[in-house]
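Visitor: Okay, handing you the structure first.
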Amino acid sequence: MRLVKPKKFLGQHFLKDLKVAQDIADTVDACPKLPILEVGPGMGVLTQFLLPKERTVKVVEVDYESVAYLREAYPRLEDNIIEDDFLKMNLQRLFDGQPFVLTGNYPYNISSQIFFKMLDNKDLIPCCTGMIQKEVAERIAAGPGSKTYGILSVLIQAWYRVEYLFTVSEHVFNPPPKVKSAVIRMTRNDTRQLGCDEKLFKQVVKTTFNQRRKTLRNSIKPILGKECPLTEDILFNKRPEQLSVQEFIELTNRVGTALKEMKEETDKRAFNGFQP
């Protein structure tokens, strides 16, 4: 059977350590009974340890060579091999709208995009595990006050409990990446409603962290403008990495109220200006 050559443009680094593969596969045991979707199975080093878990396993792979290899090496997977781009898939159709576990040895170049898609489908994905670049894993798991705490940290921790499980050496891959990897697990927390406008929450988090070295007073200007009196509050002396998820929720509510008041004032002036 012809082996698949890793493709740089797809960010492929094939894991060759079977013990590590087994350990990654076992991370899904925290969410028993749910079906599993593996992203980027490559030659199935992780898949082989997922299949014995006595639940439905589907794999999605964009590389046609890997798909051909999987069909030959794992005939029982035949009907559950999806040749597609995970980022473009409608996840509602995967398991007839039922929740599932997301896992994989994720391509480094799209790992953040995978997690943003997870967030967009958080009600379908109560558990996500897998291996990513160590730096990204540390960022996701970081708490307030850390230099690595950022957009992914806040947006994911708002909905998931994050566990940094273990670090993986670069020497167990073909080809070896230039950085170390890490395995994490994200499990849905008890939050069902944030208690604020979710769209505005994302905007506030992304806008402030895009200028993370500035205080909130300056980094929030793209949303509130330069003259909003709200920014005179002492809270706006802080930098975004100093705020917890809950504080970002409270900030979002205050920003939402300020935006509403500003709009009402603008509408009032416009109305008065058109008075006959």
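The values are calculated or read from the model by the stated rules, or taken from the named source; none is laboratory data. What you are looking at is a predicted structure, and each value in this text was computed from that prediction instead of being measured. Cβ atoms come from the backbone with ideal geometry, glycine included; neighbour counts cover every protein chain shown. These accessible areas exclude ligands, DNA and RNA; they are computed on the full protein's heavy atoms, side chains included. Shrake-Rupley method; radii C 1.70, N 1.55, O 1.52, S 1.80 Å.
Visitor: Have a look at ASN237, ASN90, ASN109 and tell me which one the Gaussian network model of the chain (Cα, springs below 10 Å) gives the largest fluctuation.
Guide: Looking only at ASN237, ASN90, ASN109, the largest GNM fluctuation is found for ASN90.
Visitor: Which residue, GLY42, GLY130, GLY195, has the most motion in a Gaussian network model of the chain that connects Cα atoms within less than 10 Å?
Guide: For the chain, modelled as a Gaussian network with Cα springs under 10 Å, the answer is GLY195.
Visitor: Further question: Taking amide H atoms as placed 1.01 Å from N in the peptide plane, list the residues 5 or more away in sequence, or in a different chain, whose amide H sits under 5 Å from that of VAL101.
Guide: Amide H neighbours of VAL101: ILE36, LEU37.
Visitor: Now for a different question. Considering only DSSP beta bridges whose two residues both sit in the stretch 1-129, what percent are antiparallel, to the nearest 5?
Guide: Of all bridge pairs located within the stretch 1-129, approximately 0 percent are antiparallel.
Visitor: Sum -39500 (n - 2.57) across every DSSP H segment of at least 4 residues in the chain, then divide by the residue count to get the 222 nm mean residue ellipticity, nearest 500. Could the numbers behind the result be given before it?
Guide: Numbers: 10 runs with 97 residues, N = 276.
That comes out to -10000 deg cm²/dmol.
Visitor: Computed over the Cα atoms of the stretch 197-256, what is the convex hull's projected area averaged over all directions, in nm²?
Guide: That works out to 3.5 nm², a quarter of the Cα hull's surface.
Visitor: Also: Which residue fluctuates the most in the chain, going by a Gaussian network model with Cα springs under 10 Å, if the choices are PRO35, PRO222, PRO107?
Guide: Comparing PRO35, PRO222, PRO107 in the GNM, the peak value goes to PRO222.
Visitor: In addition: In this model, which of LYS199/LYS260; LYS53/LYS202; LYS33/LYS58 are farther than 26 Å apart at the alpha-carbon? Provide the component values of the computation, followed by the final result.
Guide: Values: LYS199/LYS260 15 Å; LYS53/LYS202 36 Å; LYS33/LYS58 14 Å.
Beyond 26 Å between Cα atoms: LYS53/LYS202.
Visitor: Right, something else. Return, in residue-number order, each cysteine of the chain whose C-beta is not under 4.7 Å from any other cysteine's C-beta.
Guide: Unpaired cysteines in the chain: CYS128, CYS196, CYS228.
Visitor: Give, in nm to one decimal, the length gained when the segment between LYS199 and THR56 is fully stretched (0.36 nm per residue of separation minus the Cα-Cα distance). Walk me through the numbers before you get to the answer.
Guide: Values: separation 143, 0.36 × 143 = 51.48 nm, distance 3.38 nm.
Taking LYS199 through THR56 to full extension adds about 48.1 nm, to one decimal.
Visitor: Turning to a different aspect of this structure: Pulled fully out, how much extra length does the chain show between GLU135 and ASN218, if you take 0.36 nm times their separation in residues and subtract their Cα-Cα distance?
Guide: Contour length minus Cα-Cα distance gives 27.1 nm.
Visitor: So, taking all protein chains as they sit and a 1.4 Å probe, how much accessible area belongs to SER244, in Å² rounded to tens?
Guide: 30
Visitor: Using the Karplus curve 6.51 cos²θ - 1.76 cosθ + 1.60 with θ = phi - 60°, work out ³J(HN,Hα) for each residue of the stretch 82-98 in order, rounded to whole Hz, and write x for Gly and Pro.
Guide: 10, 8, 6, 8, 3, 5, 9, 7, 8, 6, 4, 8, 4, 10, 6, x, 8
Visitor: Also, quick follow-up: Let me spell out the model: positive unit charges on the Cβ of Lys and Arg, negative unit charges on the Cβ of Asp and Glu, origin at the Cα centre of the chain. What dipole size does that give, in debye rounded to 20?
Guide: Roughly 800 debye for the chain.
Visitor: I need the fraction of alpha carbon pairs in the stretch 126-276 separated by more than 25 Å, rounded to a whole percent.
Guide: 43
Visitor: If every alpha-carbon in the stretch 99-180 counts as one equal scatterer, what log10 I(q)/I(0) does Debye give at q = 0.21, 0.25 1/Å?
Guide: With one equal scatterer per Cα and no solvent, log10 I(q)/I(0) is -1.03, -1.35.
Visitor: Tally the DSSP beta bridges in the chain and give the antiparallel ones as a percent, rounded to 5.
Guide: Antiparallel bridges make up about 55 percent of those DSSP assigns within the chain.
Visitor: Just by accessible area at a 1.4 angstrom probe, what is the order of GLU227, GLU232, GLU61, GLU247 from largest to smallest?
Guide: Greatest to least solvent exposure: GLU227, GLU232, GLU247, GLU61.
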